[in-house]
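Asks: Sharing a structure here in structure tokens format.
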Amino acid sequence: MLKTLNQHKMKVLPNNSYSFKITGNETETLERLKRRTEISEKLISKKTDKSFIGIVKENTFRIISSEIGKGAFCVLTGEINNQKGEVGIEINKAFRILLSVFLCLPFVGLIMQLFLGKSEFLALFILVFIGQLLVIRYLFIEFVFQRLSRSSLNKLNDILDIEYIEKD
């Protein structure tokens, strides 16, 4: 029920969820993920020889890629039970705040135009405002998210030895 409600919400910032099946033993798979994860409560980039940074507890994980500069953008949260697993990919909280501020810039421009502009208000400004919002959200943010989430998911696929992945 919760999953269907979340699917119908308008997403301000993108996120994805996937289901997968692992090929090997569940315990060995989780141990391999633990070995390749630098344990850290804070999901921030730092130099390490491991593939991921984060927490792996029992059959759940919350990790980021260890790639400096772009690995912290996407957070992978997942669970593995009975050879099957689920992983959700979302934008890290610090980046969500930064991107939300970035999305507010067209609002600031529109308000400034209303108060500082000429006495006449043209419909063109509203069209420019909507266009700016759409370009920022669907061209810039969506493109970066899809590219970086795919990279993180491929790295997780290599570590966990996943048989198949399907988008929920």
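The values are calculated or read from the model by the stated rules, or taken from the named source; none is laboratory data. Quick caveat: nothing in here was measured; it's all calculated off a predicted structure. Positions of Cβ are backbone-derived with ideal geometry, glycine not excepted, and every protein chain shown enters the neighbour counts. Keep in mind that these areas ignore ligands, DNA and RNA; they rest on the heavy atoms of the full protein, side chains included. Shrake-Rupley method; radii C 1.70, N 1.55, O 1.52, S 1.80 Å.
Asks: Once amide H atoms are placed 1.01 Å from N in the peptide plane, what residues at a sequence separation of 5 or more from Gly24, or on another chain, have their amide H within under 5 Å of its amide H?
Replies: Here the answer is none, since no amide H 5 or more places off falls under 5 Å of that of Gly24.
Asks: If you don't mind, there's one more thing I want to ask. Through the Karplus equation 6.51 cos²θ - 1.76 cosθ + 1.60, θ set to phi - 60°, convert the phi angles of the range 41-46 into ³J(HN,Hα) values in whole Hz; use x for Gly and Pro.
Replies: For the range 41-46, the Karplus curve yields 6, 8, 8, 10, 5, 7 Hz.
Asks: Rounded to the nearest 0.05, what FRET efficiency do Asn157 and Ile97 give with R0 = 30 Å and r taken as the Cβ-Cβ distance? Could you check?
Replies: Details: r = 29 Å, r/R0 = 0.97.
The calculated FRET efficiency here is 0.55.
Asks: Can you tell me which of 127-140, 51-64, 78-91 comes out highest on packing, and rank the rest after it, using the mean Cβ neighbours within 10 Å?
Replies: Working: 127-140: 13.4, 51-64: 19.1, 78-91: 17.4.
In descending order of packing, they fall as 51-64, 78-91, 127-140.
Asks: Packing-wise, with mean Cβ within 10 Å as the measure, how do 23-35, 147-159 rank, highest first?
Replies: 147-159, 23-35
Asks: Taking only protein heavy atoms and a 1.4 Å probe, what accessible area per residue, in Å², does the chain have with all protein chains in place?
Replies: 64
Asks: Check cross-link reach from Lys50 to the aspartates and glutamates: straight Cα distance under 15 Å, and skip same-chain residues fewer than eight apart.
Replies: Glu31, Glu38, Glu67, Asp158
Asks: Return, ordered by residue number, the residues of the range 130-168 whose backbone nitrogen is under 19 Å from a label point located 7 Å along Cα→Cβ of Met112.
Replies: Once the point is set 7 Å along Cα→Cβ of Met112, 130-137 turn out to lie under 19 Å by backbone N, inside the range 130-168.
Asks: For helix 142-160, what angle does its Cα long axis make with the longest principal axis of the chain, in degrees from 0 to 90 and rounded to 10?
Replies: Around 0 degrees separate the two axes.
Asks: Something else: Applying 1/(1 + (r/R0)^6) with R0 = 25 Å to the Cβ-Cβ distance of Lys21 and Gln146, what FRET efficiency is obtained, to the nearest 0.05?
Replies: Here the calculated transfer efficiency is 0.60.
Asks: Would you work out what percent of the accessible area of the range 95-138, with all protein chains in place, is carbon or sulfur (probe 1.4 Å)?
Replies: Carbon and sulfur atoms account for 80 percent of the accessible area of the range 95-138.
Asks: Using only the alpha carbon atoms of the chain, find the Kirkwood hydrodynamic radius as the inverse mean reciprocal pair distance, in angstroms to one decimal.
Replies: On the way: mean 1/r = 0.0558 Å⁻¹.
Its Kirkwood hydrodynamic radius stands at 17.9 Å.
Asks: Can you give the Rg to Rh ratio of the range 95-138, both from alpha-carbon atoms, with Rh computed by the Kirkwood formula?
Replies: Ratio value, two decimals: 1.05.
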